[in-house]
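All of the numbers you see were taken from the coordinates with simple rules; none came from a lab. Since we're looking at a predicted model, the values are computed, not measured. Every residue, glycine among them, receives a Cβ derived from its backbone with ideal geometry; neighbour counts consider all protein chains shown.
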Amino acid sequence: MSEKPELIINGKRNDGRSSGDLRPIRIESNVIKNASGSAYIEWGKNKIIAAVYGPREALPKHTADPEKAVIKCRYSMAPFSSLEEHGRSGPNRRAIEISKVTKEVFENVVMLQDFPGSEINIYIEVLQSDGGTRAAGITAAAVAMASSGIPMTDLPYAVSAGKVGNEVILDLDKLEDNYSDADMPMAIAPIQNKILLLQMDGTLSREEIKRAVSMILKAGETISKLQVAALKKPYEEISERYAKE
Amino acid sequence: MQRIVVPGERLEEKPVHLENTIIHENNTYSTVMGIYDNEKRNLVPLEGIWYPRHGDEVIGVVEEEKLNVFTVNLHSTYKGIILVKYSEGDIAPGDIIEASVKELDKTKTVVLVRPRKLSGGKILAVKPTKIPRILGKGDSMITQLTEGTKTFIKIGMNGVLWMRGGNLDLATKVILRIEEEPHKTGITERIKTMLEKSV
């Protein structure tokens, strides 16, 4: 790996943000007609499409659970999504891991007991990546799941926090992700106040974790608002269109 | 007042038992995208899945006959079955049928009875949550549609419609329009104008 670049200069990060700032986020829902629910997210330079299909018959049959629905998730990065090599030979270790953690996030919020014997598929396709794609993917998949009409107890969001030197920072981009001292993505169910995902690279002290969590919860309010706005927008647009007639 | 709600949005600051809601720490939250009327205390889902109920009339396609059971594709999460002894011997795989829901068994398979074969015509799948909208208050919408297009329409609660005769194209167009429109009052009037313009 090349020499570590200076990540914070005069209190500003390499893209001009201060430590607690999010990158600009734009979310759109219902972007794929054939899916039960879908969403597109632009989170900084990340561009991700998430789609949800189902509940439908679980295939192969042995994967079905007679008590509840099963969630199957596939996270994949497009071959052209980043500078490194991705997706030329099927899912790699990293993609399998992210698929697993995403699946576990949704197993805690989707009301699976309503659909025994069926499966719900979540597909997350990363078109362009710039760090923090698992968090952005979960945020988009939550919007897709809600727009599909599958009952959920909460609308989860995810965002990462980390550390550069002695400074705790929010929402790491690719450069910070590669060279930071710690990176901690978290997924939260805001109503139930539950942590659905917590991973960490590097080390953080107890105080630093507390500070990171409070930053994540504060940023979560913004992200939740964007998710809700994205979900309501298609219906408001139709209302406006017919109001003119 | 009516408002659009999303999963995890608080509906009431007290526990209210409604469909498609959960109660958490004495507050009521929605679990689906829907329209909530806080005066009538009514949550109507905008998107959703059909939950089979006893007596629901459904439309489906017979898929195969195996071990004295016909399986029926209901275009939904749930699969339908008809015992051959209840089928009265006049249905075969490939047929479009109308039937009633008898029960939901343990594995959430829909047990159907009284199958009637529907010959000719075409089927159209819409969102199951819009079926009450297509029927209208006291069947007003569907009556208006049948009169306007002279099409014979049968409605399955699973979100599958069967249509035959008359102006099929117009009927399809109107139904898709009803499916797309949000839950706003005065839709019957708007559809009436649409039908009159097309004639």
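Let a ≥ b ≥ c be the square roots of the eigenvalues of the Cα gyration tensor of the range B:89-133; is it rounded (a/c under 1.5), or, if not, prolate (a/b larger than b/c) or oblate? Please list the in-between numbers first.
On the way: a/c = 2.18, a/b = 1.03, b/c = 2.12.
Oblate shape, in that a/c is at least 1.5 and b/c is the bigger or equal ratio.
Excluding same-chain neighbours fewer than eight residues apart, the lysines reachable from A:LYS174 by a Cα-Cα span under 17 Å are A:LYS4, A:LYS12, A:LYS45, A:LYS47, A:LYS163.
Using the alpha-carbon positions of the range B:122-198, Rg (one decimal) and Dmax (whole number) come out as 11.1, 31 Å.
How high is the FRET efficiency between B:LYS85 and A:GLN128 when r is their beta carbon distance and R₀ equals 60 Å, given to the nearest 0.05?
Details: r = 59 Å, r/R0 = 0.98.
Calculated value: 0.55.
Result for chain A in a Gaussian network model with C-alpha springs under 10 Å: among A:ILE124, A:ILE96, A:ILE216, the largest mean-square fluctuation is at A:ILE96. By the rule of a C-alpha distance below 28 Å, with chain neighbours fewer than 8 residues away ignored, the lysines paired with B:LYS150 are B:LYS117, B:LYS122, B:LYS127, B:LYS130, B:LYS137, B:LYS173, B:LYS184, B:LYS192, B:LYS197.
Database remark: amide H of A:ASN46 closer than 5 angstrom to the amide H of A:ASP130 (H placed geometrically; neighbours at sequence offset of 5 or more, or on other chains; Pro and chain starts carry no H).
In order along the range B:165-173, phi translates into HN-Hα couplings of x, x, 8, 5, 4, 5, 4, 4, 4 Hz, rounded to whole numbers, per the Karplus curve 6.51 cos²θ - 1.76 cosθ + 1.60 with θ = phi - 60° and x for Gly and Pro.
Of all DSSP bridge pairs formed entirely within the protein assembly as shown, close to 90 percent run antiparallel.
In what order do A:PHE80, A:PHE115, B:PHE152 fall by count of nearby beta-carbon atoms within 10 Å, going from fewest to most? Could you put the intermediate results ahead of the total?
Values: A:PHE80 9, A:PHE115 25, B:PHE152 14.
Listing A:PHE80, A:PHE115, B:PHE152 from fewest to most nearby Cβ atoms yields A:PHE80, B:PHE152, A:PHE115.
Taking only the C-alpha atoms of the range B:2-45, the Rg (one decimal) and the largest Cα-Cα distance, Dmax (whole number), read 8.9, 24 Å.
Within the listed set B:ARG41, B:ARG177, B:ARG116, the Gaussian network model of chain B (springs between alpha-carbon atoms below 10 Å) gives the highest mean-square fluctuation for B:ARG41. Using Cα pairs under 8 angstrom and six or more residues apart, how large is the relative contact order of the range A:15-244, in percent? Normalised by residue count, the contact order of the range A:15-244 is 22 percent. Per-residue 3J(HN,Hα) values for the range B:52-64, derived from phi via the Karplus relation 6.51 cos²θ - 1.76 cosθ + 1.60 with θ = phi - 60°, read x, 10, 4, x, 4, 8, 10, 10, x, 10, 6, 9, 7 Hz in sequence order (x marks Gly and Pro). Across all C-alpha atoms in the range A:181-239, the radius of gyration and Dmax reach 15.2, 51 Å. Among residues other than A:ARG23 with Cβ under 13 Å from its Cβ, the summed charge is -2 (Lys and Arg +1, Asp and Glu -1).
With the Cα gyration tensor of chain B giving a ≥ b ≥ c as the square roots of its eigenvalues, does the rule (a/c under 1.5 for rounded; else a/b larger than b/c for prolate; else oblate) give rounded, prolate or oblate? Write out the running numbers ahead of the final one.
Numbers: a/c = 2.93, a/b = 1.21, b/c = 2.41.
Because a/c hits 1.5 or more and a/b fails to exceed b/c, chain B counts as oblate.
Candidate membrane-span-like segments in chain A, meaning DSSP H helices with Cα atoms spread over at least 27 Å of their own axis and a Kyte-Doolittle mean of 0.0 or above, do not occur, with no membrane implied either way. Identify which of A:ILE195, A:ILE48, A:ILE122 has the largest mean-square fluctuation in a Gaussian network model of chain A, with springs joining Cα atoms closer than 10 Å. Ranking A:ILE195, A:ILE48, A:ILE122 by mean-square fluctuation puts A:ILE195 first.
In this Cβ point-charge picture (+1 for Lys and Arg, -1 for Asp and Glu), the protein assembly as shown has a dipole of about 800 debye about its Cα centre.
Can you give the direction-averaged projected area of the convex hull of the alpha-carbon atoms in the range A:15-244, in nm²? All intermediate terms of the calculation are to be shown ahead of the outcome.
Values: hull surface 57.1 nm².
Approximately 14.3 nm², given one-decimal rounding.
Per the Debye calculation on the protein assembly as shown with a single equal scatterer at every Cα and no solvent contribution, log₁₀ I(q)/I(0) for q = 0.07, 0.14 Å⁻¹ amounts to -0.42, -1.30.
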